[in-house]
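To start, the structure itself, in C-alpha coordinates.
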Amino acid sequence: FFAHASLATTDTAAVASSLLVLVVLERTLDRPSRRRLAWLTLSLGVAFAAKYSAIALTPVIAAALVLATPRRTTTWSAHLVAVAQAGTLTAAIVSGALVVAWALHGFTIATLDARHLGVAVPMPAPVYGVLYQMRHASLGHPGFLLGEQRHTGWWYYTPVALWLKTTPAEWMLCAG
(Lines give C-alpha, C1' and ligand atoms only; values in the text may rest on other atoms or scores of the structure.)
Protein backbone atom coordinates (compact mmCIF):
# COMPACT_ATOMS: atom_id res chain seq x y z
CA PHE A 1 0.00 0.00 0.00
CA PHE A 2 2.58 2.58 1.11
CA ALA A 3 5.09 1.53 -1.57
CA HIS A 4 3.07 3.35 -4.23
CA ALA A 5 1.78 6.21 -2.08
CA SER A 6 4.37 8.67 -3.38
CA LEU A 7 3.76 7.72 -7.01
CA ALA A 8 0.97 8.91 -9.25
CA THR A 9 -0.57 5.49 -9.81
CA THR A 10 -3.97 3.97 -9.27
CA ASP A 11 -2.56 1.24 -7.04
CA THR A 12 -2.90 3.15 -3.78
CA ALA A 13 -6.53 4.04 -4.45
CA ALA A 14 -7.23 0.51 -5.68
CA VAL A 15 -5.80 -1.13 -2.57
CA ALA A 16 -7.50 1.32 -0.22
CA SER A 17 -10.89 0.98 -1.92
CA SER A 18 -10.57 -2.83 -2.14
CA LEU A 19 -9.82 -3.00 1.57
CA LEU A 20 -12.86 -0.79 2.17
CA VAL A 21 -15.00 -3.23 0.17
CA LEU A 22 -13.77 -6.14 2.29
CA VAL A 23 -14.44 -4.28 5.55
CA VAL A 24 -17.94 -3.30 4.43
CA LEU A 25 -18.56 -6.86 3.19
CA GLU A 26 -17.58 -8.28 6.57
CA ARG A 27 -19.89 -5.86 8.37
CA THR A 28 -22.70 -6.58 5.92
CA LEU A 29 -22.36 -10.31 6.52
CA ASP A 30 -22.24 -9.72 10.27
CA ARG A 31 -25.43 -7.64 10.35
CA PRO A 32 -27.21 -7.62 6.98
CA SER A 33 -29.33 -4.60 6.14
CA ARG A 34 -30.30 -2.64 3.05
CA ARG A 35 -28.20 0.25 4.25
CA ARG A 36 -25.09 -1.93 4.52
CA LEU A 37 -25.78 -3.44 1.11
CA ALA A 38 -25.96 0.11 -0.26
CA TRP A 39 -22.58 0.88 1.34
CA LEU A 40 -21.17 -2.32 -0.13
CA THR A 41 -22.44 -1.31 -3.58
CA LEU A 42 -21.01 2.19 -3.21
CA SER A 43 -17.61 0.98 -2.01
CA LEU A 44 -17.41 -1.59 -4.82
CA GLY A 45 -18.25 1.15 -7.33
CA VAL A 46 -15.42 3.28 -5.96
CA ALA A 47 -13.07 0.29 -6.23
CA PHE A 48 -14.17 -0.29 -9.86
CA ALA A 49 -13.55 3.37 -10.65
CA ALA A 50 -10.10 3.26 -9.04
CA LYS A 51 -8.91 0.26 -11.03
CA TYR A 52 -10.79 -2.08 -13.33
CA SER A 53 -9.08 -5.13 -11.85
CA ALA A 54 -11.30 -4.64 -8.78
CA ILE A 55 -13.77 -6.73 -10.76
CA ALA A 56 -11.92 -9.63 -9.10
CA LEU A 57 -13.80 -8.73 -5.90
CA THR A 58 -17.03 -9.92 -7.52
CA PRO A 59 -16.49 -13.67 -6.97
CA VAL A 60 -15.24 -12.91 -3.45
CA ILE A 61 -18.52 -11.19 -2.66
CA ALA A 62 -20.54 -14.00 -4.26
CA ALA A 63 -18.65 -16.71 -2.37
CA ALA A 64 -18.96 -14.82 0.92
CA LEU A 65 -22.72 -14.44 0.42
CA VAL A 66 -23.09 -18.15 -0.33
CA LEU A 67 -20.98 -19.18 2.66
CA ALA A 68 -22.86 -16.80 4.96
CA THR A 69 -26.21 -18.41 4.16
CA PRO A 70 -27.47 -20.30 7.22
CA ARG A 71 -27.50 -24.05 6.65
CA ARG A 72 -30.88 -25.31 7.85
CA THR A 73 -30.88 -28.32 5.57
CA THR A 74 -28.39 -30.35 3.60
CA THR A 75 -30.49 -30.99 0.51
CA TRP A 76 -29.07 -30.07 -2.89
CA SER A 77 -32.13 -28.01 -3.70
CA ALA A 78 -31.60 -25.84 -0.61
CA HIS A 79 -27.96 -25.32 -1.58
CA LEU A 80 -28.97 -24.40 -5.13
CA VAL A 81 -31.49 -21.89 -3.80
CA ALA A 82 -28.79 -20.33 -1.58
CA VAL A 83 -26.41 -20.10 -4.55
CA ALA A 84 -29.14 -18.57 -6.75
CA GLN A 85 -30.01 -16.00 -4.08
CA ALA A 86 -26.35 -15.08 -3.57
CA GLY A 87 -25.88 -14.83 -7.34
CA THR A 88 -28.90 -12.56 -7.71
CA LEU A 89 -27.77 -10.33 -4.85
CA THR A 90 -24.22 -10.21 -6.24
CA ALA A 91 -25.55 -9.26 -9.68
CA ALA A 92 -27.58 -6.43 -8.13
CA ILE A 93 -24.57 -5.19 -6.15
CA VAL A 94 -22.28 -5.31 -9.20
CA SER A 95 -24.88 -3.57 -11.40
CA GLY A 96 -25.22 -0.78 -8.86
CA ALA A 97 -21.44 -0.58 -8.49
CA LEU A 98 -21.05 -0.18 -12.25
CA VAL A 99 -23.48 2.74 -12.14
CA VAL A 100 -21.43 4.29 -9.30
CA ALA A 101 -18.21 3.78 -11.29
CA TRP A 102 -19.84 5.29 -14.36
CA ALA A 103 -20.95 8.30 -12.28
CA LEU A 104 -17.37 8.70 -11.04
CA HIS A 105 -16.31 8.69 -14.71
CA GLY A 106 -18.72 11.60 -15.26
CA PHE A 107 -21.24 9.39 -17.12
CA THR A 108 -18.82 9.38 -20.06
CA ILE A 109 -19.75 7.35 -23.12
CA ALA A 110 -16.87 5.69 -24.99
CA THR A 111 -17.13 4.19 -28.43
CA LEU A 112 -15.87 0.71 -29.08
CA ASP A 113 -14.52 0.67 -32.61
CA ALA A 114 -15.48 -2.71 -34.03
CA ARG A 115 -14.30 -2.12 -37.60
CA HIS A 116 -14.19 -5.82 -38.28
CA LEU A 117 -17.94 -5.82 -37.65
CA GLY A 118 -18.48 -2.51 -39.43
CA VAL A 119 -19.93 -0.99 -36.26
CA ALA A 120 -19.05 1.58 -33.63
CA VAL A 121 -20.68 0.63 -30.32
CA PRO A 122 -21.28 3.36 -27.69
CA MET A 123 -21.05 2.19 -24.09
CA PRO A 124 -20.35 3.49 -20.57
CA ALA A 125 -16.66 4.29 -20.06
CA PRO A 126 -16.10 1.68 -17.31
CA VAL A 127 -17.50 -1.10 -19.52
CA TYR A 128 -15.28 0.07 -22.38
CA GLY A 129 -12.30 0.18 -20.00
CA VAL A 130 -12.83 -3.41 -18.84
CA LEU A 131 -13.22 -4.63 -22.44
CA TYR A 132 -10.11 -2.71 -23.47
CA GLN A 133 -8.09 -4.25 -20.61
CA MET A 134 -9.32 -7.74 -21.51
CA ARG A 135 -8.24 -7.21 -25.12
CA HIS A 136 -4.88 -5.82 -24.03
CA ALA A 137 -4.34 -8.79 -21.71
CA SER A 138 -5.09 -11.24 -24.51
CA LEU A 139 -2.74 -9.48 -26.98
CA GLY A 140 0.00 -8.73 -24.46
CA HIS A 141 2.77 -6.18 -24.72
CA PRO A 142 6.59 -6.24 -24.89
CA GLY A 143 8.43 -7.09 -21.69
CA PHE A 144 12.07 -6.62 -20.65
CA LEU A 145 14.17 -8.93 -18.48
CA LEU A 146 17.93 -9.22 -18.06
CA GLY A 147 18.69 -7.29 -21.27
CA GLU A 148 16.22 -9.25 -23.38
CA GLN A 149 12.92 -8.04 -24.81
CA ARG A 150 10.05 -10.41 -25.64
CA HIS A 151 6.39 -10.17 -26.45
CA THR A 152 5.49 -13.53 -24.90
CA GLY A 153 7.22 -13.23 -21.53
CA TRP A 154 9.31 -15.65 -19.45
CA TRP A 155 8.20 -18.42 -17.13
CA TYR A 156 10.91 -17.35 -14.65
CA TYR A 157 10.11 -13.60 -14.68
CA THR A 158 8.60 -13.49 -11.16
CA PRO A 159 11.36 -15.49 -9.41
CA VAL A 160 14.07 -13.36 -11.08
CA ALA A 161 12.26 -10.11 -10.27
CA LEU A 162 11.76 -11.24 -6.67
CA TRP A 163 15.43 -12.20 -6.35
CA LEU A 164 16.68 -8.92 -7.84
CA LYS A 165 14.26 -6.59 -6.06
CA THR A 166 14.34 -8.10 -2.58
CA THR A 167 16.66 -6.23 -0.23
CA PRO A 168 19.24 -8.00 1.95
CA ALA A 169 17.25 -6.97 5.02
CA GLU A 170 14.15 -8.69 3.63
CA TRP A 171 16.15 -11.85 2.85
CA MET A 172 17.47 -11.88 6.43
CA LEU A 173 13.96 -11.41 7.76
CA CYS A 174 12.71 -14.33 5.63
CA ALA A 175 15.60 -16.52 6.76
CA GLY A 176 14.85 -15.66 10.39
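How large is ³J(HN,Hα), in whole Hz, for each residue of the range 98-105 in order, when computed from phi with the Karplus curve 6.51 cos²θ - 1.76 cosθ + 1.60 and θ = phi - 60°, using x for Gly and Pro?
5, 5, 4, 4, 5, 4, 5, 8
At a 1.4 Å probe, what is the % contribution of carbon and sulfur to the accessible area of the range 28-176?
Details: 7110 of 10550 Å².
Heavy-atom surface of the range 28-176 belonging to carbon and sulfur, 1.4 Å probe: 67 percent.
Please give me the summed charge of the neighbours of residue 22: other residues whose Cβ is under 14 Å from its Cβ, Lys and Arg +1, Asp and Glu -1.
0
Going by alpha carbons, how many degrees (0 to 90, nearest 10) lie between the helix axis of 34-50 and the longest principal axis of the chain?
Long axis of 34-50 versus the principal axis of the chain: about 20 degrees.
Using the charge dipole of the chain (Lys, Arg: +1 at Cβ; Asp, Glu: -1 at Cβ; taken about the Cα centre), state which of 81, 151, 96 has its Cα farthest towards the positive end.
81
Mind listing the long-range amide H neighbours of residue 143? Cut-off is under 5 Å, sequence gap 5 or more, other chains count too, H placed in the peptide plane at 1.01 Å from N.
Sorted by chain and number, the residues that satisfy this are 150, 151, 153.
Got a sec to turn the phi values of the range 168-175 into Karplus ³J(HN,Hα) couplings, 6.51 cos²θ - 1.76 cosθ + 1.60 with θ = phi - 60°, whole Hz, x for Gly and Pro?
Listing the rounded values in order: x, 4, 5, 5, 5, 4, 5, 5 Hz.
To the nearest 500 deg cm²/dmol, what mean residue ellipticity at 222 nm is calculated for the chain from DSSP H runs of n ≥ 4 alone, each contributing -39,500 (n - 2.57), summed and divided by the residues?
Details: 7 runs with 109 residues, N = 176.
Calculated mean residue ellipticity at 222 nm is -20500 deg cm²/dmol.
Which residues' amide hydrogens lie under 5 Å from the amide hydrogen of residue 112, considering only partners 5 or more residues apart or on another chain, with H built in the peptide plane?
121, 123
What is the sum of charges, Lys and Arg at +1 and Asp and Glu at -1, for the other residues whose Cβ falls under 14 Å from the Cβ of residue 39?
Within the 14 Å Cβ shell, the charges total +3.
I need the P(r) histogram for the chain: all alpha carbon pairs, bin width 5 Å from 0 out to the longest distance, whole percents.
With a bin width of 5 Å, the distribution comes to 1, 7, 11, 13, 13, 14, 12, 11, 9, 5, 2, 0, 0.
Please work out how much length the chain gains when fully extended from residue 107 to residue 31, using 0.36 nm per residue of separation minus the C-alpha to C-alpha distance, in nm with one decimal.
Roughly 24.1 nm would be gained on extension.
Please report the spacing between the Cα centers of the range 92-147 and the range 21-62 in Å, no decimals.
Using only Cα atoms, the two centres lie 21 Å from each other.
The values are calculated or read from the model by the stated rules, or taken from the named source; none is laboratory data. Just so it is clear, the structure is predicted and the values come from calculations on it, not from any experiment. Don't worry about glycine lacking a Cβ; one is built from the backbone with ideal geometry, like all the others, and counts go over all protein chains shown. Ligands, DNA and RNA are excluded from the accessible area calculation, which covers all protein heavy atoms including side chains. Shrake-Rupley method; radii C 1.70, N 1.55, O 1.52, S 1.80 Å.
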